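**Q** Take a look at the following structure, please.
The values are calculated or read from the model by the stated rules, or taken from the named source; none is laboratory data. Predicted model, so just to flag it, every value in this text is computed and none were measured. Here the Cβ positions follow ideal geometry from the backbone for every residue, glycine too, while neighbour counts run over all protein chains shown. Each accessible area value is taken on the protein alone, full model and side chains, heavy atoms only, with ligands, DNA and RNA left out. Shrake-Rupley method; radii C 1.70, N 1.55, O 1.52, S 1.80 Å.
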Amino acid sequence: MRIGEDLATLVNRRNAIATFLLSLYESRASGGKCLGADRMHSFHLLVGVAFSLWRAAFLLRPDRQLRSVSTAADHFLHTLCRDNSINYAQDRDNCHWTVGYYLNNAYLRLVIVPERLRITTALLSKQELECLRRLKLGGGDLPRAGFKRGTDLWDEAFAVASAFLRVWRQKPNRPERARRANLASRPSIHKVKRVHKTVERT
């Protein structure tokens, strides 16, 4: 590992995501077999988020810039075309691009979870809502990785994933139809975002 990289922070992130993976596994094991479709789908999404953040934790570098991302993308594509195989070593050697791939992979799944779980703003803390705002999870464009540190994106995505898992564990196992009827009148994160945009335009 190159001199200047913060090994303590790197190990802490690895420990954090490993603990999250275990918590996710234990939550599913104790959640019962008869889950509603949306609840099960949101769990599948969180598994994808957890794996992506686990992989990204090994690839984060503080000196990631747009030029280095472009260089790594070119080299990654050349390796893929030449060898028809990608392993961790190739992920690591082209980490300035591959870390963005895994972070965006996590992000794209996090976007869907609030709607599947019918997460309302009342279920989240102020700090969690701030992380949502930074990741633009209520709508808007993808994070621009070339202009935002990957380490910041990882920390924010991890905080949001942890919040969603907490909500998932608190949600009762009710029949899907009854759950939807019960939550139909409650504003979701996406609905609240649209209301705010309407108010701003007026």
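**Q** Keeping all protein chains in place and using 1.4 angstrom, which order do 98, 9 fall into by accessible surface area, from largest down?
**A** From most accessible down to least: 9, 98.
**Q** Under the Karplus relation 6.51 cos²θ - 1.76 cosθ + 1.60, θ = phi - 60°, what is the ordered set of whole-Hz ³J(HN,Hα) values for region 41-49, x standing for Gly and Pro?
**A** Values, residue by residue: 4, 5, 5, 4, 5, 5, 4, x, 4 Hz.
**Q** Hey, another quick one. Can you list the residues, at least 5 places off or on another chain, whose amide H is less than 5 Å from the amide H of residue 119, using H built in the peptide plane?
**A** Under 5 Å from the amide H of residue 119: 189.
**Q** In what sequence, largest accessible area first, do 102, 88, 25 appear using a 1.4 Å probe?
**A** Details: 102 25, 88 80, 25 165 Å².
Accessible-area ranking of 102, 88, 25, largest first: 25, 88, 102.
**Q** Another one. Quick one: compute a quarter of the convex hull surface over the Cα atoms of region 28-97 and quote it in nm².
**A** 6.9 nm²
**Q** Treating the Cα atoms of region 9-138 as identical point scatterers in vacuum, please give the log10 of the normalised Debye intensity I(q)/I(0) at q = 0.09, 0.11, 0.12 Å⁻¹, two decimals.
**A** Those come out to -0.34, -0.50, -0.59, one per q.
**Q** Please report the net charge: other residues with Cβ closer than 12 Å to the Cβ of residue 48, K and R +1, D and E -1.
**A** For residues surrounding residue 48, the net value is +2.
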